[in-house]
Amino acid sequence: MRHRSLLSACAVLALMSAAPAWAEDAAPVSQAAAPVVTSARAQTPFTYETMIDLNRLSDPQVSPDGKWVLYAVQTTDMAANRRTGHIWMRAVDGSGEPRRLAISDGGANTARWGSDGRIYFLSGRSGSSQLWRAEADGSNPVQVTDLPTDVNAYRLNSQANRVMVSLAVYPGAADLNASVQEAAANGERLSTGMTFDRMFVRHWDTWNDHTQNHLFALSIGADGRASGDPVWVTKGFDGDTPSKPFGDESEFTFTPDGQGAVFSARQAGATEPWSTNFDLYRTDLSGDGRFENLTDANDAWDTGPVFSPDGKTLAYRAMARPGFEADQFAIMLLDVATGQTRRVAPEWDRSADSLKWSTDGRTLYVTAGDVGQTRVFAVNIQRDSVVPVTGPGHVSAFELTPTGVVFAQDALDRPSDLWFKTYRGREAPRRLTEVNPELASMTFGQAEQFSFPGWNGETVHGYVIKPANYVEGRKYPVAFLIHGGPQGSFGNSWSYRWNPSSYAGAGYAVVMIDFHGSTGYGQAFTDSISQHWGDRPLEDLQKGWAYALSSYDFLNGERACALGASYGGYMVNWIAGKWNTPWKCLVNHDGVFDVRGMAYSTEELWFTEWEYGGTQYENPQGYEEFNPVNFVDQWRVPMLVVQGELDYRIPTAQGLSTFTALQRRGIKSRLLVFPNENHWVLKPQNSLQWHNEVFGWLDHYIGSGARP
């Protein structure tokens, strides 16, 4: 649902030998209703075809001396239907030119600086994912580890002479070699049956193969190679670190003395699918099976351990309510000597992410959603004061230098690039990269944030985006985008899956509402959607739609389509039965159709149980009050249904049931299924098909007339 989340008429004809059945008797859209802009000054609009082919920047890492920043850039090969990662380097002061490092030629990812000034990275060039090391300029790569299974995450100690790696192993195996032998034996079995005695049976997009992510420690010699047998640090712990499916090295770290580890993990046992009780555990590196629970007093989520520069304080992030994955992450400090904890800036009503210490240990830098933006904040741990460091836009990652912050930032009208801003001073951020220079010649729709009184008279925010090459006085069809989560946001950020600018580039106006339940507006606002999926958010969407129509005269309310994925797909199904009057068409991607069925088929049960007030058998009414399946008799609007077969969060039966209901009622509908995609559509050619289909649906029913 969360995780924390579109075909011109010509393209339709190119993909299909004949017009689809839904196109035969639908009312055609007159081109005269929305004339094509023909001004000589009109620029090339940004399109989804351009978007799919863009370079994608991520993962900035600053060198120990603060002079250089490494970053990853993914490039797209449409013919090969794949994306490839490359490691680049740039001087933080902006001198010289960015350069791609030669280590990229053999495949490289997760590049990190060691305290020795060298570059460490993961690569599969030896046949499996292993840790490698190169000189500071990317030359002379040396394989550090030669383990019999893939390294999926790693963390260097402060001297760069020891490394902790995360490996997927059978937790009951005697040692790493025994785990590898067990995997080989399982691979040779001719029978294909899978047996399970506890959940998870499957998670996100994979079936449980009975392995867990565990930590191993190795020493690194002067020659750059790991030596000795790896020590199984978390031997005997029943759980994953990093967590599945999206955990990384931020969930474990060395202790300041280098003799131990602190990691975040959840005890699996028989309760894992309905528990969010992640704790911080401390253990030494001997693998003796002793684990000290540092946060046992908190039964909710504790994660992200970061030691202060002097090693005396452990900062981490903690939720307060067990079973609620969208609770606010508070900033916590643990005194290493006494074990006492305290919350930092308790009055700050935002959820913290990505903790980093200043060199003097007085300030923690964090990211947090903030009224449609995601900013870097400086949190003074003595005064409990919080000051924003970055301005409008969405910061996805950042690193500290002696003089300022390097951060990756995107916005509605630009994908991610690196910027630098000093800690003090009023000067604007300095741009460090431009990984997609072709965008400078393209035009984007102008976006504006607005607010209105929503449910309970409370302020709700939204965005409206004009079509690219907007012409004053003209009315434009509208794509009404509904975000997922539901604890998420359609704010001032860039997306490669649901990108509002691609709709604007196709000639559509865009309206997006951050309804009650959205993040970045305070925890009470986020909380308000739980057990209220169908009333409070719907009221916000209705009032936001009415406000936008009354405030922006370029919106054509007679030609509008509502689109959403995950919770947004649920809401599409919900409005199909409860608020279908404004819409000429609907698009539902991986949306919930039957809440009752969802309760028994999704994998992360804590989500449904929190959102609906308990289990289905304990609180059946909580599952029925806002269940779309109960209002299918009111459906009438044509709907495109999209489903990934590897989506175990909202399983395939939900999409098939939606399509079955539409077909059985004789409503024009179309089903698009991706056998090899999960909750998201990630492969380049599949993304192109997805956009072709979705934009084709819009073009047919509310067509913008902006494309041939």
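For residue 320 and residue 79, the FRET efficiency from 1/(1 + (r/R0)^6), where r spans their Cβ atoms and R0 equals 51 Å, is about 0.50. The slack between residue 142 and residue 286, meaning 0.36 nm per residue of separation minus the straight C-alpha distance, is 49.2 nm. Distance from a point 7 Å along Cα→Cβ of residue 382 to each backbone N in segment 340-360: keep the residues under 13 Å and list them by number. Only 360 pass the distance filter.
For segment 191-198, the Karplus equation 6.51 cos²θ - 1.76 cosθ + 1.60, evaluated at θ = phi - 60°, returns couplings of 6, 10, x, 10, 10, 9, 10, 7 Hz by residue, with Gly and Pro reported as x.
Ordering 552-562, 504-514 by mean Cβ neighbour count within 10 Å, with the highest value first, yields 504-514, 552-562.
Judged by the ratio a/c of the largest to the smallest principal axis of the C-alpha gyration tensor, segment 575-704 counts as oblate, that ratio being 1.5 or greater while a/b is no larger than b/c. Computed from point charges on the beta carbon alone (+1 for Lys and Arg, -1 for Asp and Glu), the dipole magnitude for segment 45-91 about its Cα centre is near 100 Debye. Taking amide H positions as modeled 1.01 Å from N, with prolines and chain starts lacking one, the residues under 5 Å from residue 674 and 5 or more places away or on another chain are 643, 644, 645. With the whole protein complex present, residue 441 retains an accessible surface near 70 Å², based on a 1.4 Å probe. Taking amide H positions as modeled 1.01 Å from N, with prolines and chain starts lacking one, the residues under 5 Å from residue 586 and 5 or more places away or on another chain are 639, 640. A value for volume of the Cα convex hull per residue in Å³ was derived from the coordinates, and within the list [x] 188; [y] 240; [z] 170 it appears as [z]. The helix-based estimate of mean residue ellipticity at 222 nm for the chain, built from -39,500 (n - 2.57) per DSSP H run of four or more residues and divided by its residue count, is -5000 deg cm²/dmol to the nearest 500.
Along segment 510-515 the Karplus relation, 6.51 cos²θ - 1.76 cosθ + 1.60 evaluated at θ = phi - 60°, assigns HN-Hα couplings of 10, 10, 9, 10, 8, 5 Hz to successive residues, with x for each Gly and Pro. Between residue 222 and residue 338, the FRET efficiency from the beta-carbon distance, with R0 = 51 Å, is close to 0.85.
Excluding residues on the same chain fewer than 8 positions from residue 244, give the aspartates and glutamates whose Cα lies under 16 Å from its Cα. Counting by Cα, and skipping residues close in sequence, residue 244 has these aspartates and glutamates nearby: 150, 205, 209, 272, 279, 302, 325, 603, 604, 647. Per residue, the accessible area of the chain comes to 40 Å² when a 1.4 Å probe rolls over the protein heavy atoms.
Atom-type composition of the exposed protein surface of segment 583-689 places 52 percent of the accessible area on carbon and sulfur (1.4 angstrom probe). Computed packing ranks the peptides 52-65, 175-188 as 52-65, 175-188, most packed first, by mean other Cβ atoms within 10 Å. With R₀ fixed at 56 Å, the C-beta to C-beta distance from residue 440 to residue 178 puts the FRET efficiency at about 0.50. Highest mean packing first, where packing is the average number of other Cβ atoms within 10 Å per residue, the peptides 296-307, 480-491, 427-438 line up as 480-491, 296-307, 427-438.
Taking 18 Å as the straight-line reach from the Cα of residue 543, the lysines in range (excluding those fewer than 8 positions away in the same chain) are 578. The label point for residue 360 and the one for residue 475, both projected 7 Å from the Cα toward the Cβ, are 6.0 nm apart.
Share of carbon and sulfur in the accessible area of segment 83-236 stands at 48%, probe radius 1.4 Å.
Each residue of segment 253-262 is assigned a 3J(HN,Hα), and the resulting list reads 7, 6, 6, x, 7, x, 9, x, 9, 10 Hz, derived from the Karplus form 6.51 cos²θ - 1.76 cosθ + 1.60 (θ = phi - 60°), x at Gly and Pro.
Would you work out if segment 365-515 is rounded, prolate or oblate? Take a ≥ b ≥ c from the square roots of the eigenvalues of the alpha-carbon gyration tensor; rounded if a/c is under 1.5, else prolate when a/b is larger than b/c, oblate otherwise. Since a/c reaches 1.5 but b/c is at least a/b, the shape of segment 365-515 is classed as oblate. For residue 416, the amide hydrogen comes within under 5 Å of the amide hydrogens of 57, counting only partners 5 or more places away or on other chains and with H modelled in the peptide plane.
The values are calculated or read from the model by the stated rules, or taken from the named source; none is laboratory data. No experiment lies behind these values; they were computed from the predicted model shown. As a convention, Cβ positions derive from the backbone with ideal geometry for all residues, glycine included, and neighbour counts pool all protein chains shown. Heads up: the accessible areas ignore ligands, DNA and RNA and are worked out on the full protein's heavy atoms, side chains in. Shrake-Rupley method; radii C 1.70, N 1.55, O 1.52, S 1.80 Å.
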